[in-house]
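Report on the structure given below.
The values are calculated or read from the model by the stated rules, or taken from the named source; none is laboratory data. Everything numeric in this text was worked out from a predicted model, so none of it was measured. Cβ coordinates were reconstructed from backbone atoms using ideal geometry, including for glycine residues, and neighbour counts include every protein chain displayed.
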Amino acid sequence: MRKTETKIKKGKKGKKQTNKKVKAIKSRKRKHTRKNTGKRNIGRKNITRVQRGGNTFNISIKDVYDSINKDNFEICGQAVQETDAHNIQLIYVNKGEEKLNRKPASCSTIVNYPMVWHTHPKVSKYYPSLVDIFKVIKHSSNTSYIFTQYGFWHLYCPDEYDGFDKLNENPLAIEVNKILDEFYYVSGTGREYNSEITYQLVDELNKTIQPHINSFRIAWYEATDENLSYFV
Ligand SMILES: [Zn+2]
């Protein structure tokens, strides 16, 4: 979860270097000020000023789950966490189109936030899409939470990578897509939960992606009260 790992990054070299220095300083500072809250660190600490306006509002994790269970569309937004000691606050930004005839209906936050979240409602698959996975790699966002009826996914990639604009032509993306396709069939089209195969999927995705993108990680948390208590 450290953001200071040295990595070959492409593009905007000058800017990146500066960022790296700043990140290194921030990270050192954080080490000294970090409180031991006894909680696992599942979120990245993004101190982001929340810009109010439009139709955005704070949404509780309970209301997010109400939507997953009753709505046939995704909802999405920005997530903020002031410090490690704080729970993650979800901010509602938008909703996706209604899911009709199993048509994909993804929700867009319109603006790119560093930490984002979206739902996969009960009527859809509970695992991440190819686009969901590469979103944190391409860096429209570096942290993404995907809430589903059975639990949530945490995707994280502190470094930014180019070359993933055309996912259907990228060898790594093609390999990942194959893994997701297989999962579709063993999970009852992504609707039937089985914890063993879900954790296997996590391992397989990490093992496949990390040799190429080594700061990438994906994790799965079942929807227990304890796991959901990381969110306000
Ligand atoms: Zn998704």
Could you list all residues from the stretch 131-141 that are surrounded by 19 or more Cβ atoms within 10 Å (Cβ to Cβ), within 14 Å of the ligand (Cβ to nearest atom) and farther than 18 Å from residue 221 by Cβ? 134, 135, 141
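Got at least one residue in the stretch 188-200 being within 14 Å of the ligand (Cβ to nearest atom), in the same structural domain as residue 107 (by TED's automatic domain parsing), closer than 28 Å to residue 98 by Cα and touching a residue at least 40 places away in the same chain (Cβ under 8 Å)? Spell out how you get there, then give the answer.
So the first thing to find is which residues in the stretch 188-200 are within 14 Å of the ligand (Cβ to nearest atom), and the list is 190.
Still in the running and in the same structural domain as residue 107 (by TED's automatic domain parsing): 190.
Those left that are additionally closer than 28 Å to residue 98 by Cα: 190.
If we keep only those that are touching a residue at least 40 places away in the same chain (Cβ under 8 Å) too, we end up with 190.
Checked against the condition, which is being within 14 Å of the ligand (Cβ to nearest atom), in the same structural domain as residue 107 (by TED's automatic domain parsing), closer than 28 Å to residue 98 by Cα and touching a residue at least 40 places away in the same chain (Cβ under 8 Å), the stretch 188-200 yields at least one hit.
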Residues in the stretch 142-161 that are within 8 Å of the chain's Cα centre (by Cα) and within 15 Å of the ligand (Cβ to nearest atom): how many? 7
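For the subset of the stretch 168-196 comprising residues that are outside any helix (DSSP H, G or I) and small (Gly, Ala, Ser), which member is nearest to residue 124 (Cα to Cα)?
Our first condition is that a residue be outside any helix (DSSP H, G or I); within the stretch 168-196, this holds for 170, 187-194.
With small (Gly, Ala, Ser) added as a condition, the list becomes 187-188, 190.
On the way: 187: 12, 188: 11, 190: 7 Å.
Here the answer is 190.
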Taking into account only those residues within the stretch 122-167 that are in contact (Cβ under 8 Å) with a residue 24 or more places away in the chain and part of a helix (DSSP H, G or I), which is nearest to residue 89 (Cα to Cα)? 136
For residue 163, only one of the following conditions fails: (1) of a type in the set (Gly, Ala, Ser); (2) modelled with pLDDT under 95; (3) farther than 30 Å from residue 229 by Cα; (4) surrounded by 17 or more Cβ atoms within 10 Å (Cβ to Cβ). What is its number? (4)
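Filter the stretch 117-126 down to the residues that are of a type outside the set (D, E, K, R) and more than 9 Å from the ligand (Cβ to nearest atom), then identify the one that is nearest to the chain's Cα centre (by Cα). Before you say what the answer is, go through the steps one by one.
We begin by selecting, within the stretch 117-126, every residue of a type outside the set (D, E, K, R); these are 117-121, 123-124, 126.
Okay, now just the ones that are also more than 9 Å from the ligand (Cβ to nearest atom), so 117, 121, 123, 126.
Details: 117: 6, 121: 16, 123: 20, 126: 13 Å.
Restricting to residues being of a type outside the set (D, E, K, R) and more than 9 Å from the ligand (Cβ to nearest atom), the top hit is 117.
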Quick check: anything in the stretch 63-70 within 13 Å of the ligand (Cβ to nearest atom), aromatic (Phe, Trp, Tyr) and in the same structural domain as residue 171 (by TED's automatic domain parsing)? no
It is to be established whether one or more residues within the stretch 102-110 are within 10 Å of the ligand (Cβ to nearest atom), modelled with pLDDT under 95 and more than 11 Å from residue 73 (Cβ to Cβ). yes
